[in-house]
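Enquirer: Okay, handing you the structure first.
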Amino acid sequence: MAEAHARTFCTEKEDSKMQKMMIHYNDVPIYPIVLSENFDALGEALDGLMIKDRKVCIVTDSHVADFYLEQVEHIVKEHCAAASHFIFPAGEESKTLTTVENLYEFLIQNKFERKDMLVALGGGVVGDLTGFTAATYLRGIRFIQIPTSLLAQVDSSIGGKTGVDFRAYKNMVGAFHQPKLVYSCAETLKTLTSQQYISGLGEIIKHGLIKDAAYYEWLKAHKEAILARDTQTVIDMIAVSCHIKKEVVENDPEEAGERALLNFGHTLGHAVEKLMNFTMLHGECVAVGMHAAAWLSMEKGMLTEAAYKDITDTIASFGLPVSVKGLEPEQIVAVSKSDKKMDKGRVKFILLDPEGHAVIDRSIRDEQLLAAASVIVRNGEQS
Ligand code: GLY
């Protein structure tokens, strides 16, 4: 709890429109996370990367390019020998080995070498795909993350998970490859659709539920300002979420144990995402999955009924779904069992024991999983 207060205390500081933290592995500083209101400090952050004599390729998608490519490319150009860009069509359907191959081709044509660098400018798809290309091109080149979605700023840009989807399997092919810098600009959140912004809040609520009950309470207390995207509140919120993610990945960089806690809501959430054919956003599916996981936690006596109800009410009050229509519970279970989060054939389920403290549970039986899946389908007509 002392830890939780330390984290939330940092949200009370005045003039914290710029926050920095360093990711360490084995006490060695690996890369900074810079969180700023705008792109003004990007040049200074790039200076630390020694790219003056190197080529840089900015990888982005057709949507983000329209908003931020020109501005970012202008800054990058001033800090390296030559800047170019590679744009692919926006959307999960682009997160494939084919897009990676096209990017390899572009890098080869433009004679990119081992010491050159990629910049991932965009949301989770851009970050994961660029990171995977960086991990594998010439056996690994440097890359940095400039996440432009809320979800990418608090989750996918941190911790070095990279990858693409393979056929029907989400994130099935990938590598751990750490970025050299994560630079998050809060201004980019203003151009997100309401649905995209709220989807990011799914992962943020998750952070509170798995690691920090005080943060979860803070989120509820600041709901109006968060939904209104008040700059200072948003920066404070992202900073706390980044701290939580930082602590988890520092303790367990390659998901040997504790990092799996970040998968709270993801076991059934990923199955819903796939079955809905990606028509629902990731954070929305995680929200539905969190509902199922909270219900299972209550069934196992780890959460009170009041806490379970508070969690579903909170998720819904931020505009996130708690259930889905048109799916069969059996389908959800079958798909969740083909997910990569399986361990020796058993589902590695993340439960709350209680809110603010997540645990890994390998004892969930098929009928319990089916009952949890029924909870999120049964209420489909209500939300
Ligand atoms: N998004 C979950 C993780 O980074 O481990």
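The values are calculated or read from the model by the stated rules, or taken from the named source; none is laboratory data. Remember, it's a predicted structure, so these values are computed and weren't measured experimentally. Counting neighbours? That spans all protein chains shown, and the Cβs are built from the backbone with ideal geometry, glycine included.
Enquirer: Considering only segment 33-70, state which residues are of a type in the set (S, T, N, Q), in contact (Cβ under 8 Å) with a residue 60 or more places away in the chain and surrounded by fewer than 18 Cβ atoms within 10 Å (Cβ to Cβ). So that I can check it myself, show each step before the final result.
Expert: To start, the set of residues in segment 33-70 that are of a type in the set (S, T, N, Q) comprises 36, 38, 60, 62.
Next, from what is left, pick out any that are in contact (Cβ under 8 Å) with a residue 60 or more places away in the chain: 36, 38, 60.
Hit for segment 33-70 is 38, nothing else.
Enquirer: Right, another one. Buried (at least 24 other Cβ atoms within 10 Å of the Cβ), modelled with pLDDT of 95 or more, more than 24 Å from residue 203 (Cβ to Cβ) and of a type outside the set (D, E, K, R) - does that describe any residue in segment 76-83? Steps first, answer last, please.
Expert: Narrowing segment 76-83 to residues buried (at least 24 other Cβ atoms within 10 Å of the Cβ): 76.
Still in the list and also modelled with pLDDT of 95 or more: 76.
This time we only want the ones that are more than 24 Å from residue 203 (Cβ to Cβ), so: 76.
From the residues that got through so far, the ones that are of a type outside the set (D, E, K, R) too are 76.
Yes, segment 76-83 contains at least one residue that is buried (at least 24 other Cβ atoms within 10 Å of the Cβ), modelled with pLDDT of 95 or more, more than 24 Å from residue 203 (Cβ to Cβ) and of a type outside the set (D, E, K, R).
Enquirer: Scan segment 228-241 and give yes if some residue there is under 24 Å from residue 146 (Cβ atoms), in contact (Cβ under 8 Å) with a residue 60 or more places away in the chain and within 14 Å of the ligand (Cβ to nearest atom), otherwise no.
Expert: Scanning segment 228-241 turns up at least one residue that is under 24 Å from residue 146 (Cβ atoms), in contact (Cβ under 8 Å) with a residue 60 or more places away in the chain and within 14 Å of the ligand (Cβ to nearest atom).
Enquirer: I would also like to ask the following. Which one of 107, 103 is within 24 Å of the chain's Cα centre (by Cα) and either under 18 Å from residue 53 (Cα atoms) or at pLDDT 95 or above (or both)? Steps first, answer last, please.
Expert: Details: 107 fails: within 24 Å of the chain's Cα centre (by Cα).
The unique qualifying residue is 103.
Enquirer: Still on this structure, I have one more. Is there a residue in segment 323-342 that is surrounded by fewer than 19 Cβ atoms within 10 Å (Cβ to Cβ), under 20 Å from the mean Cα position of the chain (by Cα) and of a type in the set (D, E, K, R)?
Expert: Yes, segment 323-342 contains a residue that is surrounded by fewer than 19 Cβ atoms within 10 Å (Cβ to Cβ), under 20 Å from the mean Cα position of the chain (by Cα) and of a type in the set (D, E, K, R).
Enquirer: OK, next. Taking segment 191-206, which residues are part of a helix (DSSP H, G or I) and not polar (S, T, N, Q)? Quick ask: steps written out before the conclusion?
Expert: Let us first name the residues in segment 191-206 that are part of a helix (DSSP H, G or I), namely 191, 194-206.
Residues satisfying the conditions are 197, 198, 200, 201, 202, 203, 204, 205, 206.
Enquirer: Any residue in segment 159-182 that's farther than 18 Å from residue 244 by Cα and modelled with pLDDT under 95: show its pairings with residues that are part of a loop (DSSP other than H, G, I, E, B) and within 12 Å of the ligand (Cβ to nearest atom) at Cβ separation under 6 Å, as long as the two are six or more apart or on different chains.
Expert: Close Cβ pairs satisfying both conditions: none exist.
Condition check ((1) of a type outside the set (Lys, Arg); (2) over 16 Å from the mean Cα position of the chain (by Cα); (3) away from the ligand (no atom under 16 Å from the Cβ); (4) over 27 Å from residue 355 (Cβ atoms)) across all residues:
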{"residue": "137", "(1), (2), (3), (4)": "yes, yes, yes, yes"}
{"residue": "142", "(1), (2), (3), (4)": "no, yes, yes, yes"}
{"residue": "148", "(1), (2), (3), (4)": "yes, no, yes, yes"}
{"residue": "157", "(1), (2), (3), (4)": "yes, no, no, no"}
{"residue": "163", "(1), (2), (3), (4)": "yes, no, no, yes"}
{"residue": "170", "(1), (2), (3), (4)": "no, no, no, yes"}
{"residue": "193", "(1), (2), (3), (4)": "yes, yes, yes, yes"}
{"residue": "203", "(1), (2), (3), (4)": "yes, no, no, no"}
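Enquirer: Then there is this: Go through segment 178-191 and give me each residue that's within 16 Å of the ligand (Cβ to nearest atom), surrounded by 24 or more Cβ atoms within 10 Å (Cβ to Cβ) and of a type outside the set (Val, Ile, Thr).
Expert: Within segment 178-191, 179, 184 qualify.
Enquirer: For residues that are assigned to a loop (DSSP other than H, G, I, E, B) and touching a helix residue (DSSP H, G or I) at 6+ places or on another chain (Cβ under 8 Å), scanning just segment 273-285, find the one that is nearest to the ligand (Cβ to nearest atom).
Expert: The extreme case among them is 281.
Enquirer: Within the bounds of segment 257-272, is there any residue that is over 16 Å from the mean Cα position of the chain (by Cα), within 16 Å of the ligand (Cβ to nearest atom), surrounded by fewer than 24 Cβ atoms within 10 Å (Cβ to Cβ) and in a helix (DSSP H, G or I)?
Expert: Taking every residue of segment 257-272 in turn, at least one turns out to be over 16 Å from the mean Cα position of the chain (by Cα), within 16 Å of the ligand (Cβ to nearest atom), surrounded by fewer than 24 Cβ atoms within 10 Å (Cβ to Cβ) and in a helix (DSSP H, G or I).
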